[in-house]
1. State the number of residues belonging to segment 20-53 that are among the aromatic types (F, W, Y) and not in a loop (DSSP other than H, G, I, E, B).
2. A8: in contact (Cβ under 8 Å) with a residue 60 or more places away in the chain and part of a loop (DSSP other than H, G, I, E, B), yes or no?
3. Scan segment 54-83 for residues that are part of a loop (DSSP other than H, G, I, E, B) and hydroxyl-bearing (S, T, Y) and jot them down.
4. What is the number of the single condition among (1) surrounded by 11 or more Cβ atoms within 10 Å (Cβ to Cβ); (2) under 26 Å from H5 (Cα atoms); (3) modelled with pLDDT under 80 that P105 does not meet?
5. Which residue out of Q3, Q42 is among the polar types (S, T, N, Q) and closer than 20 Å to R102 by Cβ?
6. Which one of these does S57 not meet: (1) at pLDDT below 80; (2) surrounded by fewer than 13 Cβ atoms within 10 Å (Cβ to Cβ); (3) among the small types (G, A, S)?
Amino acid sequence: MLQQHSNAKLIVFAVWEPILLTDWTAPSSSVLGRLPDARVRQLWDKEHALAKIMAHSHDAQTKPKCCTRSGILWDLIAVYPPEAVWSDRLPPAVVFDGPVVRMMPLKLDGF
């Protein structure tokens, strides 16, 4: 997706979290190297803090019909428009679904 939209002005946050039994530690440099684009910010969220906020910040209509394991959101794409206002509640997402593999290629018109 990033290669297809190489000129798009966007920032990607890749949030890694422990979901599978093999996810017992932060991702290695080889795993982080899978997303070499300079627009990508990668974070390790051991406590699932962002997933919990995301799960409670969207109404029932925008909750994905996928992407949970043990009650935690994961493997999810959330796209927010450039004019989104971030406050104590997440802004409405343009895309809030997954899993990631099924969402590719994602069209990012207007970004």
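The values are calculated or read from the model by the stated rules, or taken from the named source; none is laboratory data. A quick note: this is a predicted structure, and the numbers were derived from the prediction, not measured. Using ideal geometry, Cβ is built from the backbone for each residue, glycine included, and neighbour counts are taken over all protein chains shown.
1. 1
2. The answer is yes for A8.
3. S57, T62, S70, Y80
4. Among (1) surrounded by 11 or more Cβ atoms within 10 Å (Cβ to Cβ); (2) under 26 Å from H5 (Cα atoms); (3) modelled with pLDDT under 80, the lone unmet condition for P105 is (1).
5. So the residue among Q3, Q42 that is among the polar types (S, T, N, Q) and closer than 20 Å to R102 by Cβ is Q3.
6. Unmet for S57, out of (1) at pLDDT below 80; (2) surrounded by fewer than 13 Cβ atoms within 10 Å (Cβ to Cβ); (3) among the small types (G, A, S): (2).
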